[in-house]
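The values are calculated or read from the model by the stated rules, or taken from the named source; none is laboratory data. If you're wondering where the values come from, they're calculated on a predicted model, not measured in any experiment. Using ideal geometry, Cβ is built from the backbone for each residue, glycine included, and neighbour counts are taken over all protein chains shown. Side chains are part of the model used for accessible areas, which takes the heavy atoms of the whole protein and leaves out ligands, DNA and RNA. Shrake-Rupley method; radii C 1.70, N 1.55, O 1.52, S 1.80 Å.
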Amino acid sequence: MPELPEVETVRLGLQPHVEGQIISKVHVERYDLRRPVPYDLGQRITQRRVVELSRRGKVLLWHLDDGGVILIHLGMSGRLGIVSASTLPIRHDHVRVELASGDQVVLHDPRRFGFFDYCQRDDLVLDPLLSRLGPEPLEPAFDATCLAKQLAGRSGPIKNVLLDQAVVAGLGNIYVCEALFRAGISPMRAAKTVPHQGLVVLVDAIKEVLAHAVAVGGSTLKDHRKPDGSQGYFQMQFKVYDREGQPCPLHPDAKKHGIQRIVQSGRSTYYCPACQR
Ligand SMILES: [Zn+2]
(Lines give C-alpha, C1' and ligand atoms only; values in the text may rest on other atoms or scores of the structure.)
Protein backbone atom coordinates (compact mmCIF):
# COMPACT_ATOMS: atom_id res chain seq x y z
CA MET A 1 0.00 0.00 0.00
CA PRO A 2 1.47 3.38 -0.94
CA GLU A 3 2.58 5.26 2.15
CA LEU A 4 3.83 8.81 2.57
CA PRO A 5 7.30 8.21 1.04
CA GLU A 6 5.83 6.50 -2.03
CA VAL A 7 3.37 9.33 -2.54
CA GLU A 8 6.16 11.89 -2.10
CA THR A 9 8.25 9.92 -4.61
CA VAL A 10 5.36 10.02 -7.08
CA ARG A 11 5.00 13.77 -6.50
CA LEU A 12 8.70 14.37 -7.16
CA GLY A 13 8.54 12.13 -10.24
CA LEU A 14 5.53 13.90 -11.72
CA GLN A 15 6.60 17.43 -10.84
CA PRO A 16 8.92 18.12 -13.82
CA HIS A 17 6.36 16.68 -16.26
CA VAL A 18 3.23 18.26 -14.84
CA GLU A 19 4.02 21.62 -13.23
CA GLY A 20 3.49 24.47 -15.68
CA GLN A 21 1.60 22.23 -18.11
CA ILE A 22 -1.84 22.88 -19.53
CA ILE A 23 -4.39 20.08 -19.26
CA SER A 24 -5.61 19.48 -22.80
CA LYS A 25 -7.97 16.54 -22.42
CA VAL A 26 -9.47 14.36 -19.69
CA HIS A 27 -10.78 10.82 -20.05
CA VAL A 28 -12.71 9.20 -17.21
CA GLU A 29 -13.21 5.48 -17.73
CA ARG A 30 -14.77 4.84 -14.32
CA TYR A 31 -16.45 7.29 -11.99
CA ASP A 32 -17.06 4.87 -9.11
CA LEU A 33 -13.77 5.13 -7.23
CA ARG A 34 -13.73 5.29 -3.41
CA ARG A 35 -14.99 8.82 -3.89
CA PRO A 36 -16.96 9.28 -7.08
CA VAL A 37 -15.02 11.20 -9.72
CA PRO A 38 -16.90 14.52 -10.23
CA TYR A 39 -19.19 14.08 -13.24
CA ASP A 40 -18.01 17.41 -14.67
CA LEU A 41 -14.29 16.86 -13.98
CA GLY A 42 -13.30 17.33 -17.62
CA GLN A 43 -15.21 20.57 -17.89
CA ARG A 44 -13.59 21.93 -14.72
CA ILE A 45 -9.94 21.11 -15.37
CA THR A 46 -9.55 21.15 -19.18
CA GLN A 47 -7.45 24.10 -20.41
CA ARG A 48 -6.29 24.86 -16.87
CA ARG A 49 -2.58 25.24 -16.14
CA VAL A 50 -1.11 23.17 -13.30
CA VAL A 51 0.69 25.69 -11.11
CA GLU A 52 2.07 23.44 -8.39
CA LEU A 53 2.08 19.85 -7.15
CA SER A 54 1.99 19.45 -3.37
CA ARG A 55 1.15 16.70 -0.91
CA ARG A 56 -0.84 16.53 2.31
CA GLY A 57 -0.51 13.18 4.07
CA LYS A 58 -1.01 10.63 1.32
CA VAL A 59 -3.04 12.96 -0.90
CA LEU A 60 -1.45 14.51 -3.98
CA LEU A 61 -2.68 18.00 -4.75
CA TRP A 62 -2.50 19.59 -8.21
CA HIS A 63 -3.06 23.31 -7.81
CA LEU A 64 -4.60 24.88 -10.93
CA ASP A 65 -4.31 28.45 -12.17
CA ASP A 66 -7.97 29.27 -11.48
CA GLY A 67 -7.91 28.24 -7.81
CA GLY A 68 -9.15 24.72 -8.50
CA VAL A 69 -7.35 21.75 -6.92
CA ILE A 70 -7.19 18.14 -8.10
CA LEU A 71 -6.92 15.65 -5.20
CA ILE A 72 -5.49 12.22 -5.95
CA HIS A 73 -5.27 9.34 -3.48
CA LEU A 74 -3.64 6.06 -4.47
CA GLY A 75 -5.61 3.96 -2.00
CA MET A 76 -4.34 0.40 -1.64
CA SER A 77 -3.19 -0.36 -5.18
CA GLY A 78 -3.23 2.92 -7.11
CA ARG A 79 -0.42 4.08 -9.36
CA LEU A 80 0.12 7.24 -11.33
CA GLY A 81 2.10 6.70 -14.48
CA ILE A 82 3.13 8.89 -17.38
CA VAL A 83 2.78 7.64 -20.94
CA SER A 84 2.45 9.35 -24.32
CA ALA A 85 -0.99 10.76 -25.18
CA SER A 86 -1.41 8.18 -27.95
CA THR A 87 -1.14 5.26 -25.50
CA LEU A 88 -4.46 3.43 -25.24
CA PRO A 89 -5.87 2.64 -21.80
CA ILE A 90 -5.52 -0.79 -20.30
CA ARG A 91 -7.82 -2.45 -17.77
CA HIS A 92 -7.97 -0.47 -14.48
CA ASP A 93 -6.81 2.82 -16.07
CA HIS A 94 -9.63 4.88 -14.59
CA VAL A 95 -8.66 8.50 -15.18
CA ARG A 96 -6.33 9.81 -17.88
CA VAL A 97 -5.17 13.40 -18.10
CA GLU A 98 -3.57 14.56 -21.34
CA LEU A 99 -1.13 17.45 -21.11
CA ALA A 100 -0.25 19.96 -23.84
CA SER A 101 3.27 18.48 -23.84
CA GLY A 102 1.95 15.21 -25.28
CA ASP A 103 2.34 13.36 -21.99
CA GLN A 104 -0.58 11.55 -20.44
CA VAL A 105 -0.91 10.98 -16.69
CA VAL A 106 -2.83 7.80 -15.90
CA LEU A 107 -4.43 6.73 -12.63
CA HIS A 108 -4.35 2.93 -12.61
CA ASP A 109 -6.05 1.30 -9.63
CA PRO A 110 -7.25 -2.34 -9.72
CA ARG A 111 -8.91 -2.19 -6.29
CA ARG A 112 -10.41 1.30 -6.67
CA PHE A 113 -9.72 2.38 -3.07
CA GLY A 114 -8.06 5.51 -4.43
CA PHE A 115 -9.77 8.63 -5.70
CA PHE A 116 -9.49 11.44 -8.23
CA ASP A 117 -11.40 14.39 -6.84
CA TYR A 118 -11.65 18.12 -7.40
CA CYS A 119 -12.46 21.12 -5.24
CA GLN A 120 -11.76 24.83 -4.85
CA ARG A 121 -8.66 25.82 -2.85
CA ASP A 122 -10.81 27.49 -0.18
CA ASP A 123 -12.74 24.27 0.33
CA LEU A 124 -9.66 22.12 1.05
CA VAL A 125 -10.12 22.82 4.77
CA LEU A 126 -13.56 21.23 4.56
CA ASP A 127 -12.32 18.04 2.92
CA PRO A 128 -13.35 15.10 5.15
CA LEU A 129 -9.94 13.43 4.83
CA LEU A 130 -7.58 16.43 4.82
CA SER A 131 -9.36 18.32 7.60
CA ARG A 132 -8.61 15.64 10.17
CA LEU A 133 -4.91 15.15 9.35
CA GLY A 134 -2.30 15.89 11.99
CA PRO A 135 1.02 17.68 11.34
CA GLU A 136 3.23 16.76 8.38
CA PRO A 137 6.17 14.75 9.75
CA LEU A 138 8.70 16.09 7.22
CA GLU A 139 7.86 19.74 7.91
CA PRO A 140 10.26 21.64 10.19
CA ALA A 141 7.32 22.54 12.45
CA PHE A 142 7.03 18.88 13.42
CA ASP A 143 9.33 18.67 16.45
CA ALA A 144 9.28 17.11 19.93
CA THR A 145 7.11 19.90 21.35
CA CYS A 146 4.61 19.45 18.53
CA LEU A 147 4.55 15.67 18.99
CA ALA A 148 4.18 16.03 22.78
CA LYS A 149 1.05 18.09 22.18
CA GLN A 150 -0.32 15.43 19.84
CA LEU A 151 0.37 12.60 22.33
CA ALA A 152 -0.93 14.41 25.42
CA GLY A 153 -3.56 12.37 27.24
CA ARG A 154 -3.15 9.41 24.90
CA SER A 155 -2.74 6.29 27.03
CA GLY A 156 -2.83 3.81 24.15
CA PRO A 157 0.34 2.08 22.95
CA ILE A 158 2.64 4.52 21.13
CA LYS A 159 2.62 2.26 18.06
CA ASN A 160 -1.15 2.54 17.64
CA VAL A 161 -1.31 6.22 18.50
CA LEU A 162 1.32 7.10 15.87
CA LEU A 163 -0.76 5.29 13.24
CA ASP A 164 -3.66 7.66 13.97
CA GLN A 165 -3.58 10.09 11.01
CA ALA A 166 -4.91 12.83 13.27
CA VAL A 167 -1.75 12.53 15.42
CA VAL A 168 0.78 12.56 12.56
CA ALA A 169 -0.18 12.70 8.88
CA GLY A 170 0.74 9.87 6.57
CA LEU A 171 2.65 7.57 8.93
CA GLY A 172 2.06 3.92 8.07
CA ASN A 173 2.77 0.62 9.76
CA ILE A 174 6.22 0.03 8.24
CA TYR A 175 7.60 3.45 9.12
CA VAL A 176 6.23 3.48 12.65
CA CYS A 177 7.92 0.12 13.36
CA GLU A 178 11.20 1.33 11.87
CA ALA A 179 11.12 4.70 13.67
CA LEU A 180 10.33 3.15 17.07
CA PHE A 181 13.23 0.73 16.67
CA ARG A 182 15.64 3.54 15.78
CA ALA A 183 14.40 5.56 18.74
CA GLY A 184 14.69 2.59 21.15
CA ILE A 185 11.06 2.98 22.24
CA SER A 186 8.86 -0.03 22.93
CA PRO A 187 5.77 -0.16 20.67
CA MET A 188 3.70 -1.15 23.73
CA ARG A 189 4.63 1.88 25.80
CA ALA A 190 1.76 4.22 26.68
CA ALA A 191 2.09 7.17 24.28
CA LYS A 192 1.78 9.86 26.94
CA THR A 193 4.60 8.38 29.05
CA VAL A 194 7.39 8.83 26.50
CA PRO A 195 9.67 11.47 28.06
CA HIS A 196 10.59 14.66 26.18
CA GLN A 197 14.08 13.42 25.35
CA GLY A 198 12.53 10.25 23.93
CA LEU A 199 10.28 12.36 21.73
CA VAL A 200 13.28 14.34 20.47
CA VAL A 201 14.92 11.08 19.37
CA LEU A 202 11.62 9.72 18.00
CA VAL A 203 10.96 12.81 15.87
CA ASP A 204 14.47 12.56 14.40
CA ALA A 205 13.93 8.84 13.74
CA ILE A 206 10.59 9.46 11.99
CA LYS A 207 12.10 12.14 9.76
CA GLU A 208 15.16 10.00 9.05
CA VAL A 209 13.17 6.90 8.10
CA LEU A 210 10.79 8.84 5.85
CA ALA A 211 13.53 10.94 4.22
CA HIS A 212 15.58 7.81 3.58
CA ALA A 213 12.61 6.08 1.98
CA VAL A 214 11.95 9.11 -0.23
CA ALA A 215 15.64 9.23 -1.21
CA VAL A 216 15.72 5.53 -2.10
CA GLY A 217 12.43 5.94 -3.99
CA GLY A 218 13.93 8.86 -5.83
CA SER A 219 16.69 6.65 -7.17
CA THR A 220 14.15 4.42 -8.93
CA LEU A 221 12.46 7.32 -10.68
CA LYS A 222 13.97 6.42 -14.03
CA ASP A 223 11.29 3.73 -14.23
CA HIS A 224 8.60 6.15 -13.27
CA ARG A 225 7.25 6.65 -16.78
CA LYS A 226 6.36 2.99 -17.13
CA PRO A 227 2.88 2.40 -15.77
CA ASP A 228 3.56 -1.32 -15.70
CA GLY A 229 3.92 -2.04 -12.05
CA SER A 230 7.36 -1.52 -10.62
CA GLN A 231 7.74 2.20 -11.10
CA GLY A 232 8.07 4.87 -8.49
CA TYR A 233 7.92 2.66 -5.46
CA PHE A 234 11.10 2.24 -3.54
CA GLN A 235 12.77 -0.86 -2.28
CA MET A 236 14.20 -0.24 1.13
CA GLN A 237 16.16 -2.37 3.52
CA PHE A 238 14.16 -2.52 6.73
CA LYS A 239 15.83 -2.97 10.11
CA VAL A 240 12.89 -4.67 11.84
CA TYR A 241 9.84 -4.66 9.55
CA ASP A 242 8.98 -8.15 8.27
CA ARG A 243 12.12 -9.59 9.92
CA GLU A 244 10.57 -11.80 12.60
CA GLY A 245 13.07 -14.29 14.05
CA GLN A 246 16.08 -12.52 12.57
CA PRO A 247 18.95 -11.09 14.62
CA CYS A 248 18.68 -7.54 15.96
CA PRO A 249 20.66 -5.34 13.55
CA LEU A 250 22.21 -3.44 16.48
CA HIS A 251 23.26 -6.55 18.47
CA PRO A 252 23.35 -9.43 15.98
CA ASP A 253 25.17 -11.80 18.34
CA ALA A 254 23.39 -11.01 21.62
CA LYS A 255 21.08 -13.77 22.90
CA LYS A 256 18.42 -11.50 24.40
CA HIS A 257 18.10 -9.56 21.15
CA GLY A 258 16.17 -10.61 18.09
CA ILE A 259 13.24 -9.32 16.08
CA GLN A 260 9.84 -10.35 17.39
CA ARG A 261 6.41 -9.89 15.89
CA ILE A 262 3.32 -9.04 17.88
CA VAL A 263 -0.13 -7.94 16.71
CA GLN A 264 -1.45 -4.56 17.84
CA SER A 265 -4.92 -3.47 16.72
CA GLY A 266 -4.82 -6.10 14.02
CA ARG A 267 -1.52 -4.89 12.55
CA SER A 268 1.85 -6.63 12.80
CA THR A 269 4.45 -4.88 14.91
CA TYR A 270 8.11 -5.85 14.59
CA TYR A 271 10.56 -4.85 17.31
CA CYS A 272 13.54 -5.86 19.43
CA PRO A 273 12.38 -6.30 23.06
CA ALA A 274 15.92 -5.78 24.34
CA CYS A 275 16.62 -2.53 22.45
CA GLN A 276 13.18 -0.97 22.77
CA ARG A 277 11.95 0.07 26.22
ZN1 LIG B 1 18.22 -5.28 19.87
Protection proxy ranking of 12-23, 103-114 - average other beta-carbon atoms within 10 Å, highest first: 103-114, 12-23
What net charge is computed for the residues neighbouring residue 164, neighbours being all others with C-beta under 11 Å from the C-beta of residue 164, Lys and Arg scored +1, Asp and Glu -1? +3
Between residue 124 and residue 90, how many nm apart are label points set 7 Å from Cα along the C-beta direction? 3.3 nm
Under a Gaussian network model of the chain whose springs join Cα atoms within less than 10 Å, the largest fluctuation of 42, 266, 184 belongs to 266
Helix 4-18: inclination vs the chain longest Cα principal axis, degrees, rounded to 10, gives 30 degrees
In range of the label at residue 1: residues from segment 64-96 whose backbone nitrogen is under 13 Å from the point 7 Å along Cα→Cβ: 74-78
Among trypsin sites (Lys or Arg not before Pro) in segment 31-106, those in a DSSP loop whose Cβ has at most 13 other Cβ atoms within 10 Å are 91
Can you list the cysteines of the chain that have no other Cys Cβ under 4.7 Å away? 119, 146, 177
Counted charge near residue 249, where neighbours are those whose Cβ lies closer than 9 Å (Asp, Glu -1; Lys, Arg +1): +2
Mark the label point 7 Å from the Cα of residue 212 along Cα→Cβ and return the residues of segment 145-164 whose backbone N is within less than 20 Å of it. 159, 162-163
Share of Cα-Cα pairs in the chain beyond 26 Å, in percent? 46 percent
Taking a probe of 1.4 angstrom, what is the accessible area of residue 122 in Å², to the nearest 10? 130 Å²
How charged is the neighbourhood of residue 98? Take every other residue with its Cβ under 13 Å from the Cβ of residue 98, and add Lys/Arg as +1 and Asp/Glu as -1. +1
Enter the Cα centre distance for the pair segment 14-58 and segment 70-103, rounded to the nearest angstrom. 9 Å
